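The values are calculated or read from the model by the stated rules, or taken from the named source; none is laboratory data. These figures come from a predicted structure and were not determined experimentally. Note that we place each Cβ from the backbone using ideal geometry, even for glycine, and neighbour counts take in every protein chain shown.
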Amino acid sequence: MDQILIIVLALNFLALGASRLRTVIRAVAMQGALIGLLPLFIHHEPEVRAILLSVGTILLKGVIVPGFLRYAKREADIRHESHPSIGYIPSLVLGAIGISFAVVFARTLPLEDLHKDSLLVPASLATVFCGFLLLTTRKMAINQVVGYLVLENGIFLFGMLLLEALPALVEIGALLDLFTGVFVMGIIIHHINREFASISTEHLTELKE
């Protein structure tokens, strides 16, 4: 499981440091698919609920939502983001600092012995931070959706600590919230592109009827 989490952290860096939208979307798709595998590794003998959660997560995070983002990218006819609020190199530096603080902070938490030596908590906190960084420093709406997805991936990782305690309805609800959020962002992207022939949120400086 820790090997998967290391790859998840590496994909955070890829999303922070890449300017091409195709690369960023691929990174978040791979991250979603890998996170979907984790319920199978939490316990030695996965239950049916864990298997269903894993399959649903992989389909939604690794296939359906990234496919929607690729479609939005083609419709908007944009390939990369040239001028983010914070450059790509500073974003990587901030991401590294965030991961370091996540590791240190995780050691102060009162975790069970099963999770004390695991990367699950540090990876979840670091992924939330990287997602927030993408969400707040990128100007293109598609990149902001990717930031939302990465942030939600971090929350999902933290939820793996409570896999036995959470009922299936809550887990399905979390995935539904993700799908709903991306659906709403898709509508926003469509309207921005229609009004301004661009999906940069720089144009949203004032509200009009």
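Considering only helices (runs of 4 or more DSSP H) fully contained in region 15-59, which possess at least 1 residues that are charged (D, E, K, R) and touching a residue at least 60 places away in the same chain (Cβ under 8 Å)?
Qualifying helices (runs of 4 or more DSSP H): 48-57.
Can you go through Leu92, Leu134 and tell me which one is at pLDDT 85 or above and surrounded by 20 or more Cβ atoms within 10 Å (Cβ to Cβ)?
Leu134 is the lone residue from the list that is at pLDDT 85 or above and surrounded by 20 or more Cβ atoms within 10 Å (Cβ to Cβ).
Looking only at region 60-90, count how many residues are outside any helix (DSSP H, G or I) and within 22 Å of Phe156 (Cβ to Cβ).
Residues meeting the conditions: 0.
Considering only region 147-174, how many residues are in contact with a Pro (Cβ under 9 Å, 6 or more places away or on another chain) and modelled with pLDDT of 70 or more?
2
Residues that are within 15 Å of the chain's Cα centre (by Cα) and in contact (Cβ under 8 Å) with a residue 24 or more places away in the chain, at least 3 per element: which helices (runs of 4 or more DSSP H) completely within region 91-160 meet that?
The qualifying helices (runs of 4 or more DSSP H) are 120-137, 141-159.
Based on what the data block shows, is Arg70 farther than 23 Å from Leu5 by Cα and over 18 Å from the mean Cα position of the chain (by Cα)?
Judged against the criteria, Arg70 is not a match.
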